[in-house]
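To start, the structure itself, in structure tokens.
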Amino acid sequence: MAKSQISFSFGILALMFVSAFADDVLVLTEENFDKEVGQDRGALVEFYAPWCGHCKKLAPEYEKLGATFKKAKSILIGKVDCDEHKSVCSKYGVSGYPTIQWFPKESLEPKKYEGPRTAESLAEFVNTEGGTKVKLATIPSTVVVLTADNFDEVVLDETKDVLVEFYAPWCGHCKNLAPTYEKVATAYNLEEDVVIANLDADKYKDLAEKYGVSGFPTLKFFPKSNKAGEDYDGGRDVDDFVTFINEKCGTSRDGEGQLTSKAGIVASLDALAKEFVSASNEEKKTIFSQIEKEVDQLKGSTARYGKIYLKAAKSFMEKGADYAKNEMERLQRMLNKSISPAKADEFTLKKNILSAFA
């Protein structure tokens, strides 16, 4: 039980909750800035650039802030992409990113925010400036919490790839890493073979010493094939973790937890599918038999993908050459709707695999 039932159910809730955060921060542009800011409510505005590392680190905290004040009618939490809307940023003297400014009600004379870039500090600032008493929104963590009682059960499970952060509650670097690590855990929550976990190494010193932990945070990766553990020496941004996990675990996720276009692709079956499409009707039957044999040999998650290839080939023969194209368009329409993360995974996998038959 590497991911407890509580962690799993909370994780799905958190994934949906976090994905909804972006809607809670109003996107401001050259067209709508003056219509939204300086009106009948106070506004906190983040001026950012998409390539800015500090902006990326702030993003989950700022999104949490947006969710917190979503129902506060007297407060607006907004953001401006300064790469896209240079004139707005120039107008308010923005020269570095992120710049956070408070615009009082009915005023376009901002006050620069100089405090810590955490949701807690930002919420305190907004409450003070806006005269509100809104409590910070909280969501269940998707990081699996390790203790002396469950460490071996979770980390040494040879059916799971496990990333463990050894941290100390008083450690500043650990606190800075926390929102990023949470986002990584959320991104991989639907991957049953991948576990993102942490251990309070100050509380469980024996375990920390056992694995040679002498500083905080220390990150170690425990793949299915090596339960002695390997040091994680990569970067500390979400994209760094995502690249590492995808490479080590064979997953295909992005930083938002969505499957990439490579998800579900089995190279040998992809080659057969392309051969199948250009073959004559008689040759198709022979290649279909080859696909069946190949699928029978697959194990684990690839066996699931194999069944999708097989079904696609069968439908192609029954419904004609336009089947794959029409089905991909249908799936894309479904993906454009508000659907659960699990359904999005299902449709994306099918769409990716069908591309070989299009």
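Could you list, in sequence order, all residues of the stretch 218-235 that are touching a strand residue (DSSP E or B) at 6+ places or on another chain (Cβ under 9 Å) and within 25 Å of G172 (Cβ to Cβ)?
T218, L219, K220, F221, G229, D231, Y232, D233, G234 - these are the residues of the stretch 218-235 that are touching a strand residue (DSSP E or B) at 6+ places or on another chain (Cβ under 9 Å) and within 25 Å of G172 (Cβ to Cβ).
How many residues are of a type in the set (K, R) and within 30 Å of N246 (Cα to Cα) if we restrict to the stretch 261-291?
Residues of the stretch 261-291 that are of a type in the set (K, R), as a first pass: 262, 274, 284-285.
Narrowing further to those that are within 30 Å of N246 (Cα to Cα): 262, 274.
Residues in the stretch 261-291 being of a type in the set (K, R) and within 30 Å of N246 (Cα to Cα): 2 in total.
Can you find a residue in the stretch 258-269 that is more than 27 Å from P60 (Cα to Cα), part of a helix (DSSP H, G or I) and either in contact (Cβ under 8 Å) with a residue 24 or more places away in the chain or of a type in the set (V, I, T) (or both)?
Checked against the condition, which is being more than 27 Å from P60 (Cα to Cα), part of a helix (DSSP H, G or I) and either in contact (Cβ under 8 Å) with a residue 24 or more places away in the chain or of a type in the set (V, I, T) (or both), the stretch 258-269 yields at least one hit.
For the stretch 327-357, which positions are open to solvent by 80 Å² or more (accessible area, probe 1.4 Å) and under 23 Å from L272 (Cα atoms)?
The answer is E329, and nothing else.
State whether one or more residues within the stretch 234-241 are part of a helix (DSSP H, G or I), in contact (Cβ under 8 Å) with a residue 40 or more places away in the chain and aliphatic (A, V, I, L, M).
yes
For the stretch 183-196, does any single residue satisfy the condition of being open to solvent by 60 Å² or more (accessible area, probe 1.4 Å) and either at positive phi or not in a loop (DSSP other than H, G, I, E, B) (or both)? Steps first, please.
Step one: filter the stretch 183-196 for residues open to solvent by 60 Å² or more (accessible area, probe 1.4 Å), giving 192-193.
If we keep only those that are either at positive phi or not in a loop (DSSP other than H, G, I, E, B) (or both) too, we end up with none.
No, because not a single residue in the stretch 183-196 is open to solvent by 60 Å² or more (accessible area, probe 1.4 Å) and either at positive phi or not in a loop (DSSP other than H, G, I, E, B) (or both).
Looking at (1) open to solvent by 60 Å² or more (accessible area, probe 1.4 Å); (2) assigned to a helix (DSSP H, G or I); (3) not aromatic (F, W, Y), find the lone condition where A313 falls short.
The number of the failed condition is (1).
If you check K248 against the conditions, is it more than 15 Å from L349 (Cβ to Cβ), at pLDDT 95 or above, assigned to a helix (DSSP H, G or I) and in contact with a strand residue (DSSP E or B) (Cβ under 8 Å, 6 or more places away or on another chain)?
yes
Look through the stretch 270-297, keep the residues that are part of a loop (DSSP other than H, G, I, E, B) and small (G, A, S), and return whichever of them is surrounded by the most Cβ atoms within 10 Å (Cβ to Cβ). Even if it seems obvious, please write down each step before you answer.
Applying the first criterion (part of a loop (DSSP other than H, G, I, E, B)) to the stretch 270-297 yields 279-280, 297.
Remaining after also requiring small (G, A, S): 279-280.
On the way: A279: 15, S280: 8.
So the residue we want is A279.
When you go through G212, G255 one by one, which is the residue that is part of a loop (DSSP other than H, G, I, E, B) and open to solvent by less than 20 Å² (accessible area, probe 1.4 Å)?
On inspection, the qualifying residue turns out to be G255.
The values are calculated or read from the model by the stated rules, or taken from the named source; none is laboratory data. Because the structure is predicted, anything quoted here is derived from the model rather than measured. Heads up, the Cβs are rebuilt from the backbone with ideal geometry, glycines too, and the neighbour counts pull from every protein chain shown. Each accessible area value is taken on the protein alone, full model and side chains, heavy atoms only, with ligands, DNA and RNA left out. Shrake-Rupley method; radii C 1.70, N 1.55, O 1.52, S 1.80 Å.
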